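The values are calculated or read from the model by the stated rules, or taken from the named source; none is laboratory data. Because the structure is predicted, anything quoted here is derived from the model rather than measured. Positions of Cβ are generated from backbone atoms using ideal geometry, with glycine treated the same way; all protein chains shown enter the neighbour counts. Note: areas computed on protein heavy atoms with side chains; ligands, DNA, RNA excluded. Shrake-Rupley method; radii C 1.70, N 1.55, O 1.52, S 1.80 Å.
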Amino acid sequence: MKTLMKIALTTGLLAVTAQAETINVDDATPGAAPPGWTATKTGKGEAKWTIEKDDTAPSKPNVLKQSGEATYPVCLKNETNVKDGFVEVKFKPISGKEDQAGGVVWRAKDSDNYYIARANALEDNVTIYHTVKGKRTEKKRTSMKVASGEWHTLRVDFSGNHFTVTFDGKKAIEWDDETFTDAGMVGVWTKADSVTLFDDFTYGTK
């Protein structure tokens, strides 16, 4: 299901129209791969992205679940191409001995080149990275409580070379970088053995 919103912001004689789209998987078939997404990974291993029913879903009945094990499971929304805007998702870390992470991706060229912000329930922190040619490099982190087994909201606003990461409505990180300046795909991300649920994926342009 998709919800398209157009928001007009007027300041003096200047009017700017922003578009935002919210995507959930409530009409998709449980057990199947998410339609309209490229369910993949960065690095080695086998990611497993499936549609599953979940009674705790923010928008019932279905969620997107990652339950495989790979270096970095990545799921990119097809036909997205955003340069300046935002990406947001609700996620629930379920389990994982190495990681219990949920993340959002933006300005992705492919599954080996993108920006990523993630929250980790094992480490209680929010971190921003870039991944270049499959190599992830940490840029900045903030300590924040990330509870396992609970739904959280992770968002990144990006404009030019400036990025703002928000976790559960609180600003976590601000960072400037010019590694990827062109428009690219948006998506979601986990790490290693993280079993993570996602719902209400929203992105927009401005």
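What to note about this one:
- Couplings 3J(HN,Hα) for the stretch 51-64, derived from phi with the Karplus relation 6.51 cos²θ - 1.76 cosθ + 1.60 (θ = phi - 60°), are 8, 9, 6, 8, 5, 8, 4, x, 10, 7, x, 10, 9, 9 Hz, where x marks Gly and Pro.
- Residues with amide H under 5 Å from that of residue 144, placed H, sequence gap 5 or more: 125, 126
- Taking Cβ atoms as reference points and 12 Å as the exclusive limit, the residues near residue 153 contribute a net charge of -1, counting Lys and Arg as +1 and Asp and Glu as -1.
- Solvent-accessible area per residue for the chain (1.4 angstrom probe, square angstrom): 46
- The stretch 32-100: trypsin sites (Lys or Arg not before Pro) in DSSP coil with no more than 15 other Cβ atoms inside 10 Å: 97
- For residue 59, neighbours were defined as the other residues whose beta-carbon sits under 10 Å from its Cβ, and their charges (Lys and Arg +1, Asp and Glu -1) total -1.
- Accessible-area composition of the stretch 108-173, carbon plus sulfur, in percent [1.4 Å probe]: 43
- Difference of contour (0.36 nm per residue) and Cα-Cα distance, residue 177 to residue 145: 8.9 nm
- Where a label projected 7 Å from the Cα of residue 79 along Cα→Cβ would reach, residues of the stretch 179-198 with amide N under 16 Å: 185-186
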